[in-house]
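Below is one structure, written out as structure tokens; comments come after it.
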Amino acid sequence: MIIFAGENSQELAKKIARKKKAQYSALRIRSFPDGELYLRFMKEVKRKEVVIVQTFFPNPNKALIVSYFAVKTAKELGAKKVTLVAPYLGFMRQDKRFHKGECQSNRIMAGLLDAADRVITLDPHLHRIASMDEIFKTKTRKLSANKLIEEYIKKNYKDPWVVGPDSESYQWARTIAEHIDAHATILRKKRYTSTKVRILVKDKGFKGKDVVIVDDIISTGHTMLEPIKQLKKMGAKSVTCICIHGLFVHDALKKLKKMGAKVVSTNTIENPVSKIDVAGVISEAL
Ligand code: R5P
């Protein structure tokens, strides 16, 4: 087995390779003078089990084309089996045509990645589709960071109150709360635009509590900012935001911290708060 890393996942890929006691190699990725992608495998892949680790942030569009080119090239060069590990799989939120004429990105992305023999990801955004098999033809494996988040919460909080900021977040917030025997509240969110949401915290009793808001993705941070503001007003002792995939666009991390929240994510995307390591979960699955 050789573990190849795309630009976005070099640290994580190295960790996975160490755990698997496998060779590690970074894909050579450059741009031709006109901006077209140049990609090269720097180690022999013929008859090898090839694993390509490439998360979909930053530069999700490039990450997709890098993944596709890498998988196709490995196959053409005679790899025995090609697994794409996309710790954060992008394009999953555009899971329907919200407006006439729109591209339904999740299906098209899956159609390209079907070139791999297997696609592995962590906590994909499954909302209007229930399973990866609804969009992928190739073999897929959906891993979860829930156990790691449970351990993190248990280690750091005595009597936490887990909050899911919207109805989809029950997959993480409710499940985690049940496993650690914590109180859970799932809020309702109305999204107006990609940067405007409305969330109302109705429950009482947050006064003096350590509240942990859990969601799959923090992108602009608005989904977290709304409840933090209200929970703080209600007298919560502390508010921690935990996500699996920390994109933190538009200075989200700064805004969340300014609002007085602690922020933690896994390292499916490397960022300054990616303290929860998913390398073990991925290497076990491999
Ligand atoms: C979508 O519903 C996801 O689960 C997240 O809640 C969402 O992507 C977060 O986006 P933002 O941080 O921009 O509010």
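Values quoted throughout were computed directly from the atomic coordinates according to the rules given, and no laboratory measurement underlies them. Just so it is clear, the structure is predicted and the values come from calculations on it, not from any experiment. Every residue, glycine as well, gets a Cβ built from its backbone with ideal geometry; the counts of neighbours run over all protein chains shown.
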Helix 60-76 axis, angle to the chain major axis (alpha carbon atoms, nearest 10°)
30
Please work out the Cα center distance from segment 232-284 to segment 59-99, rounded to the nearest Å.
25
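Over segment 230-286, what relative contact order in percent results from Cα pairs under 8 Å that are six or more residues apart?
29
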I'd like to compare 182-195, 81-94, 54-67, 33-46: which one has the highest average count of other Cβ atoms within 10 Å, and what's the full order after that?
81-94, 54-67, 182-195, 33-46
Can you give the helix-only mean residue ellipticity at 222 nm for the chain, where every DSSP H stretch with n ≥ 4 adds -39500 (n - 2.57) and the sum goes over all residues, rounded to the nearest 500 deg cm²/dmol?
-9000 deg cm²/dmol
What is the helix-to-structure angle for 170-180, meaning the angle in degrees between its Cα long axis and the longest Cα principal axis of the chain, kept from 0 to 90 and rounded to the nearest 10?
70
Could you run the Karplus curve 6.51 cos²θ - 1.76 cosθ + 1.60 with θ = phi - 60° over segment 133-141 and give me ³J(HN,Hα) per residue in whole Hz, x for Gly and Pro?
5, 6, 10, 9, 9, 6, 5, 10, 9
Separation of the Ser105 and Lys158 label points, Cα + 7 Å toward Cβ, nm:
4.4
All-pairs Cα distance distribution in segment 190-251, expressed in whole percent, bin size 10 Å:
22, 51, 26, 1
Relative contact order for segment 126-276, counting Cα pairs under 8 Å that sit 6 or more residues apart, in percent
18
On the formula 1/(1 + (r/R0)^6), with r taken between the Cβ atoms of Asp34 and Lys96 and R0 of 35 Å, the FRET efficiency rounded to 0.05 is 0.50
How far is helix 222-233 tilted off the main Cα axis of the chain, in degrees rounded to 10, range 0 to 90?
20
Relative contact order (percent, whole number), the chain, Cα cutoff 8 Å, 6+ residue spacing
14
Amide proton proximity set for Val197, modelled H, under 5 Å, gap of 5+
Tyr192
